[in-house]
Amino acid sequence: MLPGPPIETARLTLRPFTPDDFDDFYAYQSRPDVARYLQWDARDRAQARQALAEQCRETTLDAEGDEAISLRIDCGDGTLAVALTLMDVIELSGVPVRALCMGQVGGPALGPLAVCQHRAAMPSTRFSLREPATQLEAPAREVSQWVELRADERRRFCARLAAAVGRPEPEVAEDLAAGRFMGVDEAQAYGLIDEVCRPDAAIHQLPSPPIGFRPRR
């Protein structure tokens, strides 16, 4: 059965937001140095309170039952921080997570895929092992700290991806640095997916006269 919140690991506590989180929520939502890495500007108290209320309504971690979770993946990019968090959630879900890949799957999105219990892909899916592109606009004093954080995320991501696909960590790190592209057969051999959803339909002749056209006389 899916464990109820909070879900806790050595470095993560996952639980829904509550109205009591406002002071902590506002503390980082109001900081320009944090907002630089988000998709919105630093928020004032009214904006932060509204955003927290929306988070409280939308956050649900109360699923019950032992049914498998179906995950459809069509994502060619992302961030390592989000990928590592999703990998934690999948591994702690307590139920099988089955992934179906469509379109393109690449970069950090390979992490959540790799830790699913069953991984399938449509025949046209393409996979790309590559590092995400990142940008930084910050004072010079923050650059070294930012580089160190990104390097740590990359090390942890490589280690977990390598363990999930059953390959040496240096090999996976080299493939990510090189930007290796794969089709479904190569991805299956690499250990990223378990099967390819190939069509097995057959064409049968209908037991009726053929249909055609002929010119008028």
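Things to note:
- Tallying residues that are within 17 Å of Met122 (Cβ to Cβ) and either part of a helix (DSSP H, G or I) or at pLDDT below 90 (or both) within the range 191-204 yields 5.
- So Pro123, is it under 23 Å from Ile69 (Cα atoms) and surrounded by fewer than 12 Cβ atoms within 10 Å (Cβ to Cβ): yes
- Any chance Ala159 is surrounded by fewer than 11 Cβ atoms within 10 Å (Cβ to Cβ), under 18 Å from the mean Cα position of the chain (by Cα) and either assigned to a helix (DSSP H, G or I) or at pLDDT below 80 (or both): no
- Those residues of the range 13-31 which are over 15 Å from Gln55 (Cα atoms) and either charged (D, E, K, R) or at pLDDT below 75 (or both), in sequence order: Arg31
- Residue count for the range 85-123 under the criterion of being in contact with a His (Cβ under 6 Å, 6 or more places away or on another chain) and either within 16 Å of Arg180 (Cα to Cα) or at pLDDT 95 or above (or both): the result is 0.
- The C-beta contact set for the range 4-28 (first residue touching a residue at least 24 places away in the same chain (Cβ under 8 Å) and more than 16 Å from Ile90 (Cα to Cα), second residue among the aromatic types (Phe, Trp, Tyr) and part of a helix (DSSP H, G or I), distance under 8 angstrom, 6+ apart or interchain) comprises Phe17/Phe25.
- Odd one out for Ala133, checked against (1) part of a helix (DSSP H, G or I); (2) exposed (fewer than 15 other Cβ atoms within 10 Å of the Cβ); (3) out of contact with any Lys or Arg (no Cβ under 9 Å at 6 or more places or on another chain): (1)
- Look at the range 105-121: where a residue is over 15 Å from Tyr190 (Cβ atoms) and outside the structural domain of Gly183 (by TED's automatic domain parsing), no partner that is outside any helix (DSSP H, G or I) and of a type in the set (Lys, Arg) sits 6+ places away or on another chain with Cβ atoms under 8 Å.
The values are calculated or read from the model by the stated rules, or taken from the named source; none is laboratory data. This one's a predicted model, so the numbers in the text were calculated from it and none came from an experiment. All Cβ positions, even for glycine, are placed from backbone atoms using ideal geometry, and neighbour counts span all protein chains on display.
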